[in-house]
């Protein structure tokens, strides 16, 4: 009798329902495998520099997000660089530095899309700032504010400029009034 209870199917679950469940499970598993395969192939197609920099950039975005959240930008500002009201004229970048700045910008944007936390413009700007310092590319980190469309609230934005190009946060920076620019200490002394 005890064996019979286990041999009998629970009421309400038919063989067709079980088959349907197995089919849906198989489809969802195959979609997950296809998604992972697609991401791995996309990762393999990245240029070597961006592949090598992706994981450190992802970690740097997390560190920047955590630092802004728990320490606050007011305290971080002294480590970011020398604050200026008006950004200085940026030096013209040679071809190698310009290419490096573009690669860093692409890598930061790619890593920001794949973080489980929200990597806003400030975290991206701080991560770009650190990476550009490591690779000794002259740049400026800018902060700006603008009124929202309804006119009641202010919207803040951060972006990084290297040479004549925006590394991160370059969309619509014309509508923001600059409230501060940070020049790296090493670059300022040159």
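Candidates are the residues of the range 136-165 that are in contact (Cβ under 8 Å) with a residue 60 or more places away in the chain and touching a strand residue (DSSP E or B) at 6+ places or on another chain (Cβ under 6 Å); the one that is surrounded by the most Cβ atoms within 10 Å (Cβ to Cβ) is 141. Restricted to the range 143-190, the set of strands (runs of 3 or more DSSP E) holding at least 3 residues that are more than 14 Å from residue 122 (Cβ to Cβ), out of contact with any helix residue (DSSP H, G or I) (no Cβ under 6 Å at 6 or more places or on another chain) and modelled with pLDDT of 85 or more comprises 177-183. Taken over the range 102-138, the criterion of being farther than 22 Å from residue 71 by Cβ and either part of a strand (DSSP E or B) or touching a helix residue (DSSP H, G or I) at 6+ places or on another chain (Cβ under 8 Å) (or both) is satisfied by 103, 104, 105, 106, 107, 109, 110, 114, 135, 136, 137, 138. For the range 39-78, the set of residues classified as more than 27 Å from residue 99 (Cα to Cα) and either touching a residue at least 12 places away in the same chain (Cβ under 8 Å) or in a helix (DSSP H, G or I) (or both) consists of 66, 67, 68, 69, 70, 73, 74, 75, 76, 77, 78, listed by residue number. In the condition set (1) over 18 Å from the mean Cα position of the chain (by Cα); (2) surrounded by 13 or more Cβ atoms within 10 Å (Cβ to Cβ); (3) not in a helix (DSSP H, G or I), residue 86 is compliant with all but (2).
The values are calculated or read from the model by the stated rules, or taken from the named source; none is laboratory data. The shown structure was predicted, so the numbers you read here are calculated from the model rather than taken from an experiment. Cβ: placed from backbone, ideal geometry, glycine included. Neighbour counts: every protein chain shown.
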